[in-house]
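Okay, structure first, notes after.
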Amino acid sequence: MTTQPRSSLGRVLEDLGTTLLELVCGNAEGQKQIETVIIHDSLDDAIPSHGALVLGVGMRETEEIVELLATLATQDAAGLVLRAPVSADPAIIRASEESGIPVLALTRGASWAQLTSMLRSLIAEGDVGESGPQGLGGMPAGDLFSLANAISTLLNAPVTIEDRNSRVVAFSGKQDEADPARVETILGRQVPERYMRQLEQRGVFRELYRSTDPIEVAPVDVDAQVASYPRVALAVRAGDEILGSIWVAVREPMPKDRIGALKDAAKLVALHMLRIRAGADVERRLRADLLATLLEGGSGAADAASQLRLTGHHCIVLALAAADSEEDEEGGAAHARLLAARQRIADALSMHLGAVYPRSAAALIGNIVYGVVSVRPDQADAGRRTARVANEFLARIGGDRRLLLGIGTIADDHAALPTSRVSADRALRVLQLGKSHAQVVIFDDVQVEALLVELGDLAAARGDRPSGPVARLLEYDRVRNAQLVETLRAWLDAFGDVAAASALVYTHPNTFRYRLRRLSAIGGIDLNDPEARFAAMIQLRLLTDGDRSP
């Protein structure tokens with residue numbers, strides 16, 4: 001069993017092997033921890049790369065690679081991955097040695113997206129600060145890669161562990177000893193469709209899921225001139241539930257003692273897969289607790305920021321909720337569906353933010369989904385950038401319910417995050433009350449609207465009602481079904497331009513002027529007095545449906 005740290009570069013190379021990654025130059029045996037994975041984009045502003053494994057997508061020129069290595073050294077990155085083949089250029093080797101940044105090559109045919117997914121799953125353990133490693137059968141709980149390697153050693157054959165949909169969740173070393181079909185499966189993290197059809201037509205999956213013993217699977221048809229090996233497959237069960245399967249590429253029949261070892265290993269794999277499934281729920285709750293602690297502030301906020309890897313970063317808080325004010329029902333299927341829908345949105349937001357921001361967190365807290373993203377302190381338009389990301393998310397997620405999102409102010413450190421949360425909540429409430437027609441707003445853009453909403457709350461709490469000229473006009477309209485309040489509002493909104501104001505209410509200018517004189521006399525308001533106009537504007541902004549009712 002490996003003694004290397006879970007998220008060290010050496011451990012990543014050990015788990016993924018030469019199937020996906022190859023060390024070109026530099027030292028990968030250091031104990032530096034990989035904190036995140038980011039994609040380098042030469043056309044975008046540089047993202048802080050501390051502790052990051054950087055994916056140099058599309059990079060080929062030696063000069064460009066050397067310059068990037070120098071930049072990554074100043075940011076204390078963990079390594080640089082380039083697409084194979086990577087020439088062992090003396091300039092690149094020298095730059096790698098001087099910067100201390102190892103250079104790796106991603107094998108041809110492998111997807112950057114799949115590599116990113118695997119890397120993030122490998123370094124995910126401990127992200128939320130587990131108190132210590134938990135073991136199952138002598139292996140770290142949930143570490144299916146180590147378990148696959150252990151099974152491979154027992155059986156002396158390359159192994160994959162797959163879920164119910166034939167997606168590869170872990171694989172062992174020695175995959176280069178298998179056939180092209182296995183290599184293609186590893187590179188795509190999924191059994192290719194053409195092989196799936198062959199297995200389904202033979203009834204392999206039906207036999208696999210019915211049998212409690214390993215089954216022998218004949219080679220799939222690949223190419224007459226390319227060797228293809230048989231498989232031994234065994235379903236992974238937890239009681240009557242099928243969790244996945246183990247697939248062993250063999251060149252000769254498997255001895256009985258190894259069949260017994262495979263059956264014993266399947267029981268341990270089931271425990272680990274159950275641990276991963278349960279751990280996802282536990283991690284979700286833990287992340288929500290940490291985020292809630294961070295946003296509330298107080299004595300535990302610093303530790304929460306550290307566990308969420310947000311310490312020392314400028315951050316912005318996002319608050320997301322449905323446009324309608326549907327209330328939770330106590331218990332019952334409706335409540336469960338509503339909660340599940342909110343959780344799916346929270347998970348989707350977390351994934352979306354994680355793909356854009358190296359350091360981010362999102363969780364459902366109460367009825368609102370909160371997100372925190374780390375931004376560069378020198379970006380004057382960080383709020384605008386965050387709004388664009390939020391709009392892209394809402395455009396993609398769709399759904400039956402319209403979602404709204406408020407973006408708070410920039411927090412210089414974790415201590416200022418509660419203030420950013422309050423401003424995000426205020427921006428969200430402006431949207432929910434229909435004071436803006438947008439789906440995403442930045443608090444700075446709706447600060448006045450937020451103040452008016454809170455002033456309305458204060459007036460309602462005190463039982464204040466319209467008074468003075470506005471009250472008299474409301475009463476006149478209620479008794480005589482007139483439109484004097486509407487006329488006053490249009491005139492104020494048009495800055496006293498009678499032509500524009502009359503067009504707003506579809507009235508002839510002469511008729512509009514007559515109504516102005518009437519409302520001035522009936523309401524007792526001097527329209528030439530700026531203080532009287534301002535007071536009327538405030539009261540009209542705060543009018544509720546109850547104020548207009550007879």
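See the values below:
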{"item": "Sorted peptide list for 74-85, 522-533, criterion being average Cβ within 10 angstrom, highest first", "result": "74-85, 522-533"}
{"item": "Taking K256, K174 and counting other C-beta atoms within 10 Å, the order from fewest to most", "result": "K256, K174"}
{"item": "Proxy reagent accessibility, fewest Cβ within 10 Å first, across K32, K435, K267", "result": "K267, K435, K32"}
{"item": "Sorted peptide list for 353-360, 452-459, criterion being average Cβ within 10 angstrom, highest first", "result": "353-360, 452-459"}
{"item": "Estimated 222 nm signal from helices in the chain, with DSSP H stretches of n ≥ 4 weighted -39500 (n - 2.57), rounded to 500", "result": "-15500 deg cm²/dmol"}
{"item": "Relative exposure of W491, W112, judged by other C-beta atoms within 10 Å (fewest first)", "result": "W112, W491"}
{"item": "Over the chain, relative contact order from alpha-carbon pairs under 8 Å, at least 6 apart, %", "result": "9"}
{"item": "For segment 425-476, radius of gyration divided by Kirkwood radius, i.e. Rg to Rh on alpha-carbons", "result": "1.11"}
{"item": "Kirkwood hydrodynamic radius over Cα pairs of segment 455-550, then Stokes diffusion coefficient at 4 °C and 1.567 mPa s, in µm²/s", "result": "95"}
{"item": "Packing-based order for 232-245, 95-108, using average beta carbon neighbours within 10 Å, highest first", "result": "95-108, 232-245"}
{"item": "Antiparallel DSSP beta bridges within segment 9-123, percent to nearest 5", "result": "25"}
{"item": "Cross-link reach list, lysines versus K267, counting only Cα pairs under 26 Å and skipping chain neighbours closer than eight places", "result": "K174, K256"}
{"item": "Cα gyration tensor of the chain - equivalent ellipsoid semi-axes, whole Å, descending", "result": "61, 28, 21"}
{"item": "Helix 484-493 vs. the chain, principal-axis angle (Cα, 0 to 90°, nearest 10)", "result": "60"}
{"item": "Rounded tilt (10° steps) of 509-523 against the dominant C-alpha axis of the chain", "result": "80"}
{"item": "0 to 90° range, to nearest 10: angle between helix 62-74 axis and the chain longest Cα axis", "result": "70"}
{"item": "L55 long-range amide H proximity, modeled H, under 5 Å", "result": "I38, I39, H40, V81"}
{"item": "Global geometry of segment 363-409, whether rounded, prolate or oblate, following the gyration tensor of its Cα atoms and the 1.5 cut on a/c", "result": "oblate"}
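Every number here is computed from the coordinates shown, using simple stated rules; none is lab data. Bear in mind that the values here come from a model prediction, so they are computed numbers and not experimental data. Backbone-built Cβ (ideal geometry, glycine too); neighbour counts: all protein chains shown.
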